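Worksheet for the structure shown next.
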């Protein structure tokens, strides 16, 4: 899948291109979990039950994030490293910053 536009600081191909449908399926499942949380609050469900479901949705998002990060490292960062120079430095910095955000979340 080629990215639209001429954004030089992005990968020419998305690393998740071959897994796009699987990723979308996972995100739809997570979306369903979030909608379920909304229903639980609307129905005045027990707080601990809601928190249990929040934990499950959070875990699902974390798992998705780590898999997407792994794909990014294996494609965009490896490609940039092979090209070398400033592009490689930028991709490593982006990945490092993304990892830091994930650790803090």
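Criterion first (modelled with pLDDT of 95 or more, more than 14 Å from the chain's Cα centre (by Cα) and farther than 17 Å from residue 95 by Cα) does residue 58 satisfy it?
So residue 58 does not fit the description; no.
Within the stretch 19-55, how many residues are touching a residue at least 24 places away in the same chain (Cβ under 8 Å) and closer than 23 Å to residue 91 by Cβ? First the steps, then the outcome.
At the first step, the residues of the stretch 19-55 found to be touching a residue at least 24 places away in the same chain (Cβ under 8 Å) are 19, 23, 26-27, 29-30, 33.
From what is left, the residues that are closer than 23 Å to residue 91 by Cβ are 19, 23.
Count: 2.
Name the residue that is surrounded by the most Cβ atoms within 10 Å (Cβ to Cβ), counting only residues in the stretch 13-44 that are touching a helix residue (DSSP H, G or I) at 6+ places or on another chain (Cβ under 6 Å) and modelled with pLDDT under 95.
By that ranking, first place goes to 15.
Quick grid of which residues meet (1) surrounded by fewer than 16 Cβ atoms within 10 Å (Cβ to Cβ); (2) within 30 Å of residue 36 (Cα to Cα); (3) in contact with a helix residue (DSSP H, G or I) (Cβ under 8 Å, 6 or more places away or on another chain):
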site	(1), (2), (3)
56	yes, yes, yes
59	yes, yes, no
71	no, yes, yes
74	yes, no, no
80	no, no, yes
85	yes, no, no
89	yes, no, no
92	yes, no, yes
95	no, no, yes
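The values are calculated or read from the model by the stated rules, or taken from the named source; none is laboratory data. On a predicted model such as this, the values are computed, not experimentally measured, just so you know. Glycine gets a Cβ as well: all are built from the backbone with ideal geometry, and neighbour counts include every protein chain shown.
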